[in-house]
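The structure appears below as structure tokens.
Rule-based calculations on the coordinates, nothing more; no lab input. Note that the coordinates shown come from a computational prediction; the quantities given were computed from them, not determined experimentally. All Cβ positions, even for glycine, are placed from backbone atoms using ideal geometry, and neighbour counts span all protein chains on display.
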Amino acid sequence: MSIPSSKNWAVEAYVERILQGDRVALGKAITLVESTRPEHRQKAEAILENCLPHTGNSFRVGITGPPGVGKSSFIEAFGGMLTREQGRRLAVLAIDPTSQVSQGSILGDKTRMEQLSTDPNAFIRPSPAGKTLGGVTNCTHETMLLCEAAGFDTILIETVGVGQSETAVADLVDFLLLLLLPGAGDELQGIKRGIVEMADLIAINKADGERLELARAARQDYGQALHLFPAKESGWQPKAVTCSALTRAGLEKVWGLMVDYQGVVNKNGWLEANRKRQKLLHFQDRFKHALFEVFFNEEEAKTALGNAEKLVVDGQVTIAEALARVLAGLNFRKTR
């Protein structure tokens with residue numbers, strides 16, 4: 001019997017292949033998730049619904065840090081250690097805020113992770129940002145679930161750098177790793193306090209050669225700074241370490257601390273509670289997005305909004321007044 005083209009695969013065929021760890025099916029299902037075409041989204045939702053009972057069994061790690069800190073090099077070395085020495089099945093999801101235009105950094109990640117991209121126990125996939133921060137969360141969350149259904153027990157989500165996307169990533173993962181460069185002085189002042197407070201572990205990367213002493217000094221400075229922050233709800237005390245993607249030094253220490261962290265949050269119940277919170281946040285984000293789409297598909301709303309925009313641009317009313325007129329004009333009332 002001939003095997004049908006993937007274009008004609010039914011939802012059941014996708015699900016069966018994904019649960020068997022079929023990378024082709026997984027990749028095509030992720031493409032459906034990323035698509036904006038209604039028929040693709042409908043199929044993607046059906047696939048996700050059937051895969052849902054097989055999700056939630058991975059350790060989800062967010063990796064962030066300023067541009068140039070060596071995130072891709074770190075993941076290449078760290079990921080290789082996880083698959084070869086720890087027997088882990090690894091999925092790497094790269095978030096690219098500019099991917100709607102060029103998808104350039106995705107291609108760069110795959111090129112830089114040359115060895116990991118050919119590892120049979122690793123899967124590297126971009127997660128496009130979309131037009132809004134919410135788009136990052138939606139796409140990445142669904143992609144992560146599909147990877148879990150395919151049997152990947154460790155998910156690394158790589159961001160493009162320290163910025164607004166880190167808040168969204170922190171609400172997707174179990175553990176947030178912040179990579180920084182040697183030399184804590186000015187850098188400690190330049191990194192946003194919020195990012196440091198969210199981190200479960202700070203790793204000073206490129207701790208090799210002439211930068212080793214600088215890295216050790218940075219580790220000490222950040223270690224002291226972490227103790228000044230309020231205690232985390234997870235019950236975990238964040239730490240600072242040094243590592244080198246080049247020499248592989250410190251990578252086992254990083255993983256060891258991640259294992260310790262899992263022991264703490266599993267024992268005190270925080271992991272389960274946090275994942276429930278994340279699901280609620282994801283639902284609320286999707287709900288707002290759905291309302292937004294419904295609103296802008298209504299002709300009455302389009303007209304009211306266009307009139308209000310003209311008034312604002314012409315300087316006839318304030319933004320607050322324009323918004324009030326739009327809402328009043330649409331006659332928002334309680335229904336029976």
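Figures for the structure shown
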| quantity | calculated |
| --- | --- |
| Qualifying GluC sites (Glu not before Pro) for the range 217-308 [loop in DSSP, other Cβ within 10 Å: at most 13] | E233, E298 |
| Label-to-label distance, nm, for residues given as F295 and V24 (7 Å Cα→Cβ offset) | 4.4 |
| For L180, distant residues with modelled amide H under 5 Å away | A203, I204, N205 |
| Between the range 205-272 and the range 284-308, the alpha-carbon center distance in angstrom | 44 |
| Backbone HN-Hα couplings from phi across the range 225-239 [Karplus 6.51/-1.76/1.60, Hz, Gly and Pro as x] | 5, 4, 6, 8, 7, x, 4, 7, 4, 5, x, 9, 9, x, 10 |
| Tensor-based shape of the range 1-54 (alpha-carbon gyration tensor, a/c under 1.5 rounded, otherwise prolate or oblate) | oblate |
| Of N50, I18, I30, farthest towards positive along the dipole that unit charges on Lys, Arg, Asp, Glu beta carbons give the range 1-54 | I30 |
